[in-house]
1. Against the definition (farther than 24 Å from residue 419 by Cβ, polar (S, T, N, Q), without any contact (Cβ under 8 Å) to a residue 60 or more places away in the chain and out of contact with any helix residue (DSSP H, G or I) (no Cβ under 6 Å at 6 or more places or on another chain)), how does residue 288 come out, yes or no?
2. Go through (1) of a type in the set (S, T, N, Q); (2) closer than 22 Å to residue 306 by Cα; (3) surrounded by fewer than 21 Cβ atoms within 10 Å (Cβ to Cβ) one by one and return the number of the condition residue 511 breaks.
3. Look through 211, 141, 134 and report the one residue that is open to solvent by 60 Å² or more (accessible area, probe 1.4 Å), modelled with pLDDT of 95 or more and of a type in the set (S, T, N, Q).
4. Kindly indicate which of 616, 654 is on the phi < 0 side of the Ramachandran plot, part of a helix (DSSP H, G or I) and modelled with pLDDT of 90 or more.
5. Any residue at all in the range 600-608 that's within 15 Å of residue 533 (Cβ to Cβ) and outside any loop (DSSP other than H, G, I, E, B)?
6. Starting from the range 324-338, take each residue that is under 18 Å from residue 398 (Cα atoms) and list its partners that are open to solvent by 80 Å² or more (accessible area, probe 1.4 Å), counting only C-beta distances under 7 angstrom and pairs at least six apart or across chains.
7. Every residue in the range 232-248 that is modelled with pLDDT of 95 or more and either open to solvent by less than 10 Å² (accessible area, probe 1.4 Å) or at positive phi (or both), please.
8. Check residue 104 against each of (1) open to solvent by less than 50 Å² (accessible area, probe 1.4 Å); (2) at pLDDT below 95; (3) not in a strand (DSSP E or B); (4) not β-branched (Val, Ile, Thr) and name the one condition it does not meet.
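The values are calculated or read from the model by the stated rules, or taken from the named source; none is laboratory data. Everything quoted here is computed from the prediction, not taken from an experiment. Quick reminder, even Gly has a Cβ in these numbers, built from the backbone with ideal geometry, and neighbours come from all protein chains shown. Heads up: the accessible areas ignore ligands, DNA and RNA and are worked out on the full protein's heavy atoms, side chains in. Shrake-Rupley method; radii C 1.70, N 1.55, O 1.52, S 1.80 Å.
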Amino acid sequence: MIDNPQLMEELRPSMGGPDVGHAHFEKSILGLRHTLPRILLANRDSAPRDVAMRKKDFGIWNSFTWEEVYQRVKDMALGLKSLGVERGDKVCVIGDNDPEWYWAELAVQSLGGVCVGLYVDAMPADIEHIVNDSDGVVVFSKDQEQTDKLIEIRERIPNVRKVIFWDRTGMYRYRDEPWLLENEALMELGRAYEARHPDFFAQSVEAGSESDLALLCYTSGTTSLPKGVMVSYEYLITSGIRFATAFWPRKDDEYLSFVPPAWISEQLMLVIWLVFGNRMNFPEEPETAMENIREIGARFFLLGPTQWQGIMSQVHMKIFDTGPIRRLLYEACLAIGYRAVEDRTRNNGRQSLHWKALSAIANAACLSHVRDNLGLSKLKYGVTGGSALGPDVIRWFDAIGVRIKDGYGLTELTPATVHREHIKAGTSGVPVPGVEVRIGDEGEIFLRAGKMFDGYYKKPAETQAMLVDGWIRTGDCGALDEDGQLIVYDRLKDMLPLKGGGTYSPTYIQNRLKFSPYIKEVLVVGGADREFLFGIVTIDFDNVGKWAEKNRISYTTFMDLSQKDEVYRLIRKEILRVNATLPENARIVRCTMLHKEFDADEGELTKTRKLRRGFLEKRYGELIEACYAGADKVGVEAEVKYRDGRTGRIRTDLRIHTVGEER
């Protein structure tokens with residue numbers, strides 16, 4: 001049960017010094033309602049005309065007040081009721097970040113139903129598994145692309161009564177399909193239902209309890225099929241509030257919703273939006289997110305590690321393309337930024353006058369323009385989580401004046417830790433209020449809190465296996481440093497036993513390598529029974545392509561570019577840079593440039609872009625064995641896409657290089 005005053009006292013020690021946002025924070029917690037629909041009604045009653053959401057469409061920001069959000073949620077909820085959705089029913093949602101996604105979720109929850117989010121790039125087989133495993137009875141689908149996936153598996157999801165779409169583009173040919181319903185038509189059904197039952201919506205919202213399930217959040221499926229994590233309102237709301245202590249949201253803050261709503265971290269941002277009343281903004285298209293964030297001037301921003309990595313690579317390539325004078329200015333100012341960060345770290349967050357003055361010069365001359373170009377000039381904190389963000393990336397952002405707070409947690413308990421004022425690269429911060437972290441005898445991280453997940457849906461055995469005396473066993477290997485900051489090394493089962501003794505984290509090596517703008521992903525393979533480490537590298541096709549064009553290196557396809565001698569020498573420099581920082585027996589000795597990117601649709605990555613190591617080692621087993629057998633190439637057959645859009649199949653040799661050799 002959520003006790004508002006007790007929760008506030010639990011959070012108070014994390015407040016630190018005075019902040020203009022603290023008074024609003026405390027007021028919001030003490031007046032907290034205990035389900036998301038109840039909080040929505042409270043916001044509508046207290047500030048009906050305040051802007052709650054904005055969505056950019058055709059170049060124009062369209063605003064929705066709390067009153068308008070309430071009306072749409074109510075109409076959609078009553079429309080679902082007229083279709084037979086009852087308390088406890090599961091309703092799935094798949095689509096891009098749009099207001100309709102969140103309206104659908106709140107509508108389902110207003111009826112006492114449970115929302116089940118799906119990732120927009122989910123394949124039909126993935127959708128089939130989650131819809132059937134969750135017992136979904138209705139699916140909200142954004143557009144034709146998502147609806148076509150559902151139509152493809154219609155016979156295999158027999159419990160789904162209706163598919164409701166909210167973007168009519170391309171849907172005209174489905175106008176006579178009774179299984180499909182447009183969202184506008186759903187809301188008309190809701191308005192008709194309200195005319196007959198005017199008090200039902202308010203009564204349904206009031207009947208909700210903090211112990212009710214709000215969500216089924218499916219795990220990323222790194223090692224097995226995704227499992228439905230049962231998330232109650234009590235767990236969801238308290239977790240969102242604990243997360244908010246990382247950046248103390250204010251009522252006038254702007255937030256851009258960009259990461260998938262199916263991810264538990266974005267659900268925490270939904271809680272923060274409702275509890276603290278800041279504005280939720282939605283990009284025109286996923287590709288315009290950085291342009292849109294510049295327009296709204298966001299104060300905090302949540303991105304996954306891959307997205308932060310992409311922003312940094314974008315800057316690196318722009319600097320690569322610029323003239324020598326601008327490049328020299330950037331490098332000089334960045335060096336000052338790095339030294340200033342080191343000075344602040346040594347002095348526990350305080351900056352010496354010397355480096356404060358130099359930082360001001362570097363900021364005025366260059367770094368403020370870099371931030372402005374990225375749309376991050378008003379950003380106080382960037383936030384990340386989901387998987388490890390390399391310490392080099394965090395240091396780079398800190399050097400240009402963007403402070404990124406890393407968090408750690410599982411869908412079953414998140415956040416567990418997050419950075420506060422002291423951001424230490426290479427760590428995931430300190431435990432959030434109300435969460436305990438301990439390290440087991442074998443280095444495994446264990447987590448515990450007063451309220452955690454309610455178990456895995458329909459999987460009691462898996463739930464029991466996850467818990468040890470009330471602690472969640474994470475399966476991750478880590479340690480707490482002298483400042484109480486959590487260092488997450490890797491999955492316990494993925495820690496590499498090294499030839500000659502000791503263990504090492506492949507994720508650490510991979511993240512160091514991905515600091516390069518030319519490396520998109522890398523899989524590091526090794527073990528006690530292997531003489532050395534082997535790296536399977538996927539190049540960043542856009543960045544390496546630009547580099548090749550500037551250096552007058554011709555190529556036709558990804559495969560062709562990846563096997564160029566010049567590209568090998570480029571990647572070799574990056575491997576040698578990282579090798580120089582590693583123990584001798586933890587260095588990459590041989591490597592290959594893969595002929596394609598790792599692909600979530602082929603099962604190589606999870607939907608949150610984590611490597612599925614076991615699957616990859618099995619899939620590329622022939623390549624790995626050839627490497628350790630001393631071969632210098634291995635044949636592969638693959639589909640290729642040419643620069644003019646044509647596709648074809650080609651057989652070629654993947655070359656395996658010894659890093660210490662020049663070619």
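1. In short, no.
2. (3)
3. Answer to the selection: 211.
4. 616
5. no
6. Within 7 Å, the pairs are 338/395.
7. 232, 233, 235, 236, 237, 239, 240, 241
8. (2)
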